[in-house]
Amino acid sequence: MTRIRSGKQPDRQECILLYQPNHHHKWLFDLRVAALVTGGKDSALALYRAVLQGHKVVCLVTMVPQRADSWMFHSPNVHLADLFAEAVSIPLVKADTSGEKEAEVVDLKQALAQLSIDSVVSGAIFSHYQKERIDGICKELCIKHVTPLWHEDPLSILREILELKMKTIIVGAYANGLTQQWLGREIDENTINDLIELNKRFEVSIVGEGGEYETLVLDAPFFSKRIKLIDTERIWQGASGYLLVKKAVLVAK
């Protein structure tokens with residue numbers, strides 16, 4: 001894990017110039033980017049899109065919540081972010097967060113303020129709660145918030161994951177209709193069809209944007225190695241639970 005040192009932050013006048021809508025400078029296509037990642041599908045796909053768009057991703061940032069019911073951040077198996085970062089060969093910055101509403105926003109701001117970056121990439125799709133808070137942080141730090149997946153069709157996102165052969169499994173189930181048999185299930189055509197049916201019956205988000213389910217990406221086109229799960233355990237309490245990954249390693253593709 002590598003920690004990126006802070007560089008000089010632009011002053012207020014520089015910020016004003018930076019965000020003039022008619023200033024389409026080259027820097028917009030050569031940003032020093034920090035990508036917020038959890039190891040899940042949305043942040044992984046957003047990272048992939050950012051790289052395709054020509055952004056220079058200088059580090060990944062993973063916030064580690066100290067409670068499972070964080071409003072902002074993914075918690076199941078976030079410890080695997082280290083393997084994710086090694087698989088994509090990008091330095092990782094990790095920071096603890098209380099996981100408490102609003103306080104965790106301050107934690108994220110403090111983590112990003114230490115980095116020499118122009119922009120932050122997130123995997124937000126429909127969550128105005130998440131996007132507006134990251135927007136606010138970026139405005140204060142005078143950096144740009146890039147959201148490659150914002151308001152895209154949920155079904156199209158899942159189908160793109162399949163087309164990219166991004167091997168993704170479900171590691172958290174928190175909504176009506178999602179039983180413990182879903183834990184460890186790979187997202188494939190059958191899974192997508194079942195999610196569509198759950199959406200019709202229980203209004204479960206097809207992409208899990210409301211926290212209905214959480215995912216873990218084990219392999220993708222931009223991985224130099226894939227993540228192999230060695231030891232897992234299903235933790236189920238009442239009507240929800242998660243797949244705890246006790247041991248995982250990187251292996252050759």
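Things to note:
- Taken over segment 44-73, residues that are closer than 18 Å to Gly172 by Cβ and either of a type in the set (Phe, Trp, Tyr) or touching a strand residue (DSSP E or B) at 6+ places or on another chain (Cβ under 6 Å) (or both) amount to 7.
- Filtering segment 207-251 to residues that are under 17 Å from Lys167 (Cα atoms) and touching a Pro at 6+ places or on another chain (Cβ under 6 Å) leaves Val207, Glu214.
- Within segment 105-126, the set of residues being surrounded by fewer than 19 Cβ atoms within 10 Å (Cβ to Cβ), in contact (Cβ under 8 Å) with a residue 60 or more places away in the chain and either outside the structural domain of Gly54 (by TED's automatic domain parsing) or under 20 Å from Pro65 (Cα atoms) (or both) comprises Ala113, Gln114.
- Ile235 falls short on exactly one of the conditions (1) part of a strand (DSSP E or B); (2) hydrophobic (A, V, I, L, M, F, W, C); (3) over 21 Å from Phe73 (Cα atoms); (4) over 19 Å from the mean Cα position of the chain (by Cα), and that condition is (3).
- Residue match in segment 4-21 (condition: over 19 Å from Ile134 (Cα atoms), over 13 Å from the mean Cα position of the chain (by Cα) and at pLDDT 95 or above): no
- Residues of segment 63-119 classified as part of a loop (DSSP other than H, G, I, E, B), among the hydroxyl-bearing types (Ser, Thr, Tyr) and more than 24 Å from Val51 (Cβ to Cβ), total: 3
- The C-beta contact set for segment 75-89 (first residue charged (D, E, K, R), second residue part of a loop (DSSP other than H, G, I, E, B), distance under 8 angstrom, 6+ apart or interchain) comprises Asp82/Met1.
- Residues in segment 55-104 that are at pLDDT 90 or above and surrounded by fewer than 19 Cβ atoms within 10 Å (Cβ to Cβ): Lys56, Val64, His79, Asp82, Glu86, Ser89, Pro91, Lys94, Ala95, Asp96, Ala103.
- Checklist (1) out of contact with any helix residue (DSSP H, G or I) (no Cβ under 7 Å at 6 or more places or on another chain); (2) polar (S, T, N, Q); (3) at pLDDT 95 or above applied to Gln130, failing item: (3)
- Applying the set (1) in the same structural domain as Arg49 (by TED's automatic domain parsing); (2) of a type outside the set (Gly, Ala, Ser); (3) not in a helix (DSSP H, G or I) to Asp135 leaves exactly one unmet item: (3).
- All of (1) modelled with pLDDT under 95; (2) surrounded by fewer than 17 Cβ atoms within 10 Å (Cβ to Cβ); (3) not assigned by TED's automatic domain parsing to the domain that holds Val58 hold for Glu209 with one exception: (2).
- Scan of segment 137-156 for residues that are out of contact with any helix residue (DSSP H, G or I) (no Cβ under 7 Å at 6 or more places or on another chain) and under 16 Å from Val51 (Cα atoms), ordered by number: none
- Scope segment 180-195; condition within 11 Å of Thr215 (Cα to Cα) and acidic (Asp, Glu); matching residues: Glu186
- Test result for Leu218, within 15 Å of Val78 (Cα to Cα), free of Cβ contacts under 8 Å to residues at least 60 places away in the same chain and aliphatic (A, V, I, L, M): yes
The values are calculated or read from the model by the stated rules, or taken from the named source; none is laboratory data. Predicted, not measured: the structure shown is a model, and the values here were computed from it. Don't worry about glycine lacking a Cβ; one is built from the backbone with ideal geometry, like all the others, and counts go over all protein chains shown.
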